[in-house]
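Notes to accompany the following structure.
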Amino acid sequence: MHSLQQFLRNGIIALLLLPSSTLLAQLPSVEVINSGTKASFRGLSVVNDNVVWVSGSNGTVGKSMDGGNNWTIIKDQSGPILKSVFFIDSLNGFIVGDNSTILSTTNGGTVWTPVSSPVNLRKFNAITFANSTIGFIAGGNDTTKTILKTTDGGANWNVVLDTTGGIFNDISVQDNIQGIIYAVGAKYEVDKSI
């Protein structure tokens, strides 16, 4: 027991003698980067080491081609809040938001095209894909929780759930083959598909 105490005491003393810069060097640094817009960002999709997308208030869509160092605002005008962005690959992406908004691109964000929603008057808060064909959208409104699903890469969306309850705020896929999903939202809920 004495040798364990000695070992622990020596270890603690060695930690205390380390320069603070050595201890702090292991903490990640955060750099604030000016995006060039006054939008409040809600969505983020990191496609690869260089390409990053954001979405937010006033229909704002932004893109970085250099890992977030510089930003190009693709769209910054009056429009619905765009709450979530997801890119399947460098060319194919989706943005969802208020007013049942679903937008898609097949050319890396040069053109964004509206996609028809099977429900109206919903706030879509999150979008995710299990693979290149199966995707999910979560949202709802004050009295309804909604989940949409696509099995054709986002060309068409179908209602999985649209029932009484609090709005879903986020969604995640557990199983890429079967599409088992979890959704979380208001009213202290965590829902799991089975």
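The values are calculated or read from the model by the stated rules, or taken from the named source; none is laboratory data. Here the structure is a predicted model, which is why all the values come from computation and not from measurement. Note: ideal-geometry Cβ built from the backbone for every residue, glycine included; neighbour counts use all protein chains shown. Note: accessible area is taken over every heavy atom of the protein model, side chains too, but ligands, DNA and RNA are not part of it. Shrake-Rupley method; radii C 1.70, N 1.55, O 1.52, S 1.80 Å.
Quick rundown of the values:
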| item | result |
| --- | --- |
| Listed peptides 57-64, 122-129 by packing density, highest first (mean Cβ within 10 Å) | 122-129, 57-64 |
| Within the range 50-76, backbone nitrogen closer than 13 Å to the virtual label 7 Å beyond the Cα of SER40 toward Cβ | 56-59 |
| Shape call, the range 120-185: gyration tensor on alpha carbons, a/c limit 1.5 | prolate |
| Accessible surface of the range 73-142 [probe 1.4 Å, protein heavy atoms]: carbon and sulfur percent | 49 percent |
| Nearest-0.05 FRET efficiency for VAL111 and THR151, computed from C-beta distance (R0 41 Å) | 0.95 |
| The range 77-153, accessible area per residue, ligands and nucleic acids excluded (1.4 Å, Å²) | 40 Å² |
| Percentage, to the nearest whole number, of Cα pairs in the range 64-149 over 23 Å apart | 23 percent |
| Percent RCO, i.e. relative contact order, over the range 36-163, from Cα pairs under 8 Å lying at least 6 residues apart | 15 percent |
